[in-house]
1. Applying the selection to region 15-34, what residues are exposed (fewer than 13 other Cβ atoms within 10 Å of the Cβ) and either outside any strand (DSSP E or B) or in contact with a His (Cβ under 6 Å, 6 or more places away or on another chain) (or both)?
2. Report the residue count in region 40-75 for those that are acidic (D, E), surrounded by 11 or more Cβ atoms within 10 Å (Cβ to Cβ) and assigned to a loop (DSSP other than H, G, I, E, B).
3. Of the numbered conditions (1) assigned to a loop (DSSP other than H, G, I, E, B); (2) at pLDDT 90 or above, L37 fails exactly one; give the number of that condition.
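The values are calculated or read from the model by the stated rules, or taken from the named source; none is laboratory data. Note that the structure is predicted; figures quoted are calculated from it, not measured. Because the Cβ atoms are built from the backbone with ideal geometry, glycine has one as well, and the counts that use them run over all protein chains shown.
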Amino acid sequence: MRNGWEAELEPSLPFGKKADLRLSRGGSSFLVESTLLGLSERFQRVSRYSERAMSTLRGIALRNGLAVSGELRPDTLCGPVRRP
């Protein structure tokens, strides 16, 4: 690796678990844990639904000479969304 660092994937730890990564150089060693953060599956489903609904409304409006303004926000459809 760069600058003399060595990487070890999923090194075993003394208490029986594994870290995601160990970076070592000289006498220094660092354990790295990685975590993926994202939107909940429920929020993603509601978001896709609201996008399809708005697309449908805009299509109806266009065919009938109407205008649509505003948006269908996912939190108005399913209540407050708790993010991780």
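1. The answer is F15, G16, K17, D20, G26, G27, E33, S34.
2. Initial filter on region 40-75 (acidic (D, E)): 41, 51, 71, 75.
Filter once more, so that each one left must be surrounded by 11 or more Cβ atoms within 10 Å (Cβ to Cβ): 51, 75.
With assigned to a loop (DSSP other than H, G, I, E, B) added as a condition, the list becomes none.
The number of residues fulfilling the criteria is 0.
3. The one condition L37 does not meet is (2).
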